[in-house]
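S.K.: Handing you a structure now.
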């Protein structure tokens, strides 16, 4: 079991850990699947284009061997042969290589998807550290595992290739009696057969390696319980800090609420426990809004501010309690309380109008 700082890595990697690893270019990828893709692509291309490739190879071979007896080496002749070879490559070999490159990219995309990761391209000085390089090369099990995998793969493929090629070599003795066309056909048919058989071996190797790479990747990314806790703190925030932030936010909201009390039309109170400040703007809101509310000490604070700013206080035990429980600050009062509040506001507005008339007189 992998360890770090004396702690076992028993926890599966979190989503953030997996995302960070992907952003750094670290993903579970099997190179053997790419090798399998190259083999199978080469096989399919040769199978479907063998007649075309055979005709090109036959033309090239005929052109070269038919002029050997009269060939005079010169710059012009060599240039001509070089041009012919280049044209043969473009016409016959290049399409095969292009198909292999395309399928390799497709297999890579199928394994890990597509994502551009600048972090993976950034130079890392610690990679140039000879001590770190020595540790990674000789003090870890990864190089030994990779070496054993390569030896096993080469051994298996080598044994199967030897068995296949042994029969092909023995049967090729009769080629001396074949025409050029027959030799080309023989070579292509045997190449396809060889690739087909080796591909079957590579299928098993590739899928075993893919399963191993997935397992190894997940095992390497495992975390200790402490790492999970630290990541949770970084992602969600330290509970103590979050509590302080919430406390400050509540205090700021409380101050803003108390600053709005002087704007209230009336404060509905329960003598000692509840106080709810209401504001009704005719034409702007459908119903009166709660602009401040409080319980116990905060209720007394609201009542005191209301008194200091000549905001009417109306004592109604049941209504104050109902408003406090039904409404949050900034909300309009519920419909079932319209009638009771409307009667109080009507009385308050009537008193205000009378005071205005007396001042005018």
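S.K.: Quick one: count up the residues across the stretch 156-199 that are exposed (fewer than 11 other Cβ atoms within 10 Å of the Cβ) and within 23 Å of residue 49 (Cβ to Cβ).
M.R.: Going through the stretch 156-199 one residue at a time, the tally reaches 1.
Residues are listed down the side, and each one gets a yes or a no for (1) within 30 Å of residue 61 (Cα to Cα); (2) at pLDDT 80 or above; (3) in the same structural domain as residue 58 (by TED's automatic domain parsing); (4) in contact with a helix residue (DSSP H, G or I) (Cβ under 9 Å, 6 or more places away or on another chain):
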{"residue": "115", "(1), (2), (3), (4)": "no, no, yes, yes"}
{"residue": "119", "(1), (2), (3), (4)": "no, no, yes, yes"}
{"residue": "126", "(1), (2), (3), (4)": "no, no, yes, yes"}
{"residue": "164", "(1), (2), (3), (4)": "yes, no, yes, yes"}
{"residue": "208", "(1), (2), (3), (4)": "no, yes, yes, yes"}
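S.K.: Give the stretch 324-338 a look and list any residue that's part of a helix (DSSP H, G or I), surrounded by fewer than 17 Cβ atoms within 10 Å (Cβ to Cβ) and under 51 Å from the mean Cα position of the chain (by Cα), or say none.
M.R.: 325, 326, 335, 336
S.K.: Quick one: would you say residue 341 is part of a loop (DSSP other than H, G, I, E, B), under 26 Å from residue 355 (Cα atoms) and more than 51 Å from the chain's Cα centre (by Cα)?
M.R.: No.
S.K.: Only one of (1) surrounded by 14 or more Cβ atoms within 10 Å (Cβ to Cβ); (2) modelled with pLDDT under 75 is not met by residue 36, so which one is it?
M.R.: Against the list (1) surrounded by 14 or more Cβ atoms within 10 Å (Cβ to Cβ); (2) modelled with pLDDT under 75, residue 36 comes up short only on (2).
S.K.: Another question, then. Go through the stretch 280-323 residue by residue and tally those that are part of a helix (DSSP H, G or I), free of Cβ contacts under 8 Å to residues at least 40 places away in the same chain and crowded, with 17+ Cβ neighbours inside 10 Å.
M.R.: Residues flagged as part of a helix (DSSP H, G or I), free of Cβ contacts under 8 Å to residues at least 40 places away in the same chain and crowded, with 17+ Cβ neighbours inside 10 Å within the stretch 280-323 amount to 3.
S.K.: Something else now. Output the number of the condition that residue 225 fails; it satisfies all remaining conditions of (1) at pLDDT 75 or above; (2) under 28 Å from residue 157 (Cα atoms).
M.R.: Failing condition for residue 225: (2).
S.K.: Right, next: Check 28, 99, 13, 92 and return the single one that is surrounded by 14 or more Cβ atoms within 10 Å (Cβ to Cβ), at pLDDT below 75, within 47 Å of the chain's Cα centre (by Cα) and part of a helix (DSSP H, G or I).
M.R.: Every option except 92 fails the conditions.
The values are calculated or read from the model by the stated rules, or taken from the named source; none is laboratory data. These figures come from a predicted structure and were not determined experimentally. Note that each Cβ is placed from the backbone with ideal geometry, even for glycine, and that neighbours are counted across all protein chains shown.
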